[in-house]
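Colleague: Please see the structure below; I have some questions.
The values are calculated or read from the model by the stated rules, or taken from the named source; none is laboratory data. Since the model is a prediction, treat every value here as computed from it, not as a measurement. Here the Cβ positions follow ideal geometry from the backbone for every residue, glycine too, while neighbour counts run over all protein chains shown.
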Amino acid sequence: MSIYDIKVKLEDGSEYSLEQYKGKALLIVNTATKCGFTPQFEDLEELYKTYQAQGFEVLGFPSDQFKQEVDSATEAAEACRLTYGVTFPMHEIVKVNGKEAHPLFEHLTTHSKGFLGRSVKWNFTKFLVNRNGEVVSRFASTDKPKSFEDEIKKVL
């Protein structure tokens, strides 16, 4: 199974296939609006604006698995837009660990191990995917997005 076989839903519930990003570099992030790492949205948005024209996409996936998210995906996305100026796609609230993990995060964690093995340790774990759909890097919550900008440039 390829990352391009996975379907996801935007915050409004509309579904699409990640195949639409074939040939682009992706930074996929599990987010939360009530987390100490939430200010990372500013750097994520800046990277998105800087490199989007070169084929870079940031995809935000809110998760309440760590009890730091609002009640709805629409509310989460609106908070990100109003507070941090987020323009990159925000998606439905998903689970990132366990039996109910979204297939995307099952795929991402299977193809990249973190500090605690496969599991996502906390909100704002970031996965860098190259233009061929391969997970090439995984960054912890504490890794600020600008700290791995050079790795993003390499996949572009």
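Colleague: Does the stretch 16-40 hold any residues that are closer than 26 Å to GLU134 by Cβ and of a type in the set (A, V, I, L, M, F, W, C), and which are they?
Modeller: Taking the stretch 16-40 first, the residues closer than 26 Å to GLU134 by Cβ are 16-31, 37, 40.
Across the stretch 16-40, the qualifying residues are LEU18, ALA25, LEU26, LEU27, ILE28, VAL29, PHE37.
Colleague: For the stretch 4-47: of the residues being of a type in the set (Ser, Thr, Tyr) and more than 12 Å from the chain's Cα centre (by Cα), which is farthest from VAL120 (Cα to Cα)?
Modeller: Once the filter is applied, the top-ranked residue is SER14.
Every residue, every condition in (1) of a type in the set (Val, Ile, Thr); (2) surrounded by 14 or more Cβ atoms within 10 Å (Cβ to Cβ); (3) at negative phi, yes or no:
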site: LYS7; (1), (2), (3): no, no, yes
site: LEU10; (1), (2), (3): no, yes, yes
site: GLU15; (1), (2), (3): no, no, yes
site: ALA25; (1), (2), (3): no, yes, yes
site: LYS34; (1), (2), (3): no, yes, yes
site: GLN40; (1), (2), (3): no, yes, yes
site: TYR48; (1), (2), (3): no, yes, yes
site: GLN52; (1), (2), (3): no, yes, yes
site: GLY55; (1), (2), (3): no, yes, no
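Colleague: Can you name the residue in the stretch 60-97 that is among the aliphatic types (A, V, I, L, M) and surrounded by fewer than 20 Cβ atoms within 10 Å (Cβ to Cβ) and, of all such residues, is modelled with the lowest pLDDT?
Modeller: By that ranking, first place goes to VAL70.
Colleague: Go through the stretch 99-156 residue by residue and tally those that are touching a Gly at 6+ places or on another chain (Cβ under 6 Å) and not basic (Lys, Arg).
Modeller: Summing the residues that are touching a Gly at 6+ places or on another chain (Cβ under 6 Å) and not basic (Lys, Arg) in the stretch 99-156 gives 0.
Colleague: Now for a separate question. For the stretch 141-156, which positions are of a type in the set (A, V, I, L, M, F, W, C) and exposed (fewer than 15 other Cβ atoms within 10 Å of the Cβ)? Walk me through how you get there before you give the answer.
Modeller: Of all residues in the stretch 141-156, those of a type in the set (A, V, I, L, M, F, W, C) come to 148, 152, 155-156.
Residue satisfying the conditions is LEU156 alone.
Colleague: Starting from residues that are of a type in the set (Lys, Arg) and not in a strand (DSSP E or B), keep the ones in the stretch 115-156 and report whichever is nearest to THR38 (Cα to Cα).
Modeller: It comes out as LYS144.
Colleague: Out of everything in the stretch 98-132 that is surrounded by 14 or more Cβ atoms within 10 Å (Cβ to Cβ), over 21 Å from GLY23 (Cβ atoms) and among the basic types (Lys, Arg), what residue ends up being modelled with the lowest pLDDT?
Modeller: The extreme case among them is ARG118.
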